[in-house]
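Remarks on the structure that follows.
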Amino acid sequence: MKAGRLGLGVKPTPGGNFGADHIAVSKKRGESPLSTHRWAVQLLLGGILCAAVAPAKSTPAGQQLELLDLTGHGVNPLANDGQKATVFVFTRTDCPISNRYAPRLHKLYDKFSPQGVAFWLVYVDPHQGAKAIEQHMREFSYRFGALRDPNHALVKLTGAQVTPEAVVFVPMKSGLRMVYRGRIDDQYVDFGVTRPAPTTHDLENVLEISA
């Protein structure tokens, strides 16, 4: 399996493998202190709006979406417990690019978790079991939660296409709303094309607004 694929036949889109290929904001008023205008302006000023602004995908309050924790128990990752935002990072144990992002994810976790942002690693390969995932988390010193998505329930809900790919949900009156799906930063432009260092920190910029 090549790096960047989610598995189960889900492939990256041509030309958009590591781009912020979907950034969406709410067009409904009264749902959040962050207005559509503020979201659009701040995302544009941050240089991270790489697609047309569109209605965000929302999940009704109480919607059941079951993933598995590493003990095999069902977990609804969209059951918000007061977090200002919830970050899901889709990954695989054998994705080299995902593994290179571990130190940056640690920094984001250290910066934003005290501000009320929840972080989850979502392992998408149904053939990667709990023991392999636990070993992977120890190897890369992850300190936040991990979930398995063997049936791609969250993958389908969010539209995630590659690993690594980040998704951010924020709470609103109508339920959690997905306000970002895309890259962590712009260092990896495409397969085999990288920058010496990132110039745009997409996920961090979104969390600065959300937290």
If each part is reduced to its alpha-carbon centroid, the range 178-196 and the range 82-122 end up apart, in Å, by 15
The range 158-211: chymotrypsin sites (Phe, Trp or Tyr not before Pro) in DSSP loop, at most 15 other beta carbons within 10 Å | Phe191
Return the ratio Rg/(2.2 N^0.38 Å) for the range 94-201, where Rg is computed over Cα atoms only.
-> 1.11
Asp190 label point, 7 Å along Cα→Cβ, cut-off 20 Å on backbone N: hits in the range 156-170?
-> 161-165
Partners for Lys173 among aspartates and glutamates (Cα-Cα distance below 16 Å; same-chain residues under 8 apart left out) = Glu31, Asp81
How do Arg195, Arg104, Arg138, Arg148 line up, fewest other C-beta atoms within 10 Å first?
-> Arg138, Arg195, Arg104, Arg148
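Read the figures in this text as sums done on the coordinates, not as results from a lab. All figures in this text were calculated on a predicted structure; none of them were measured in a lab. Ideal geometry is used to build each Cβ from the backbone, glycine not excepted, and the neighbour counts take in all protein chains shown.
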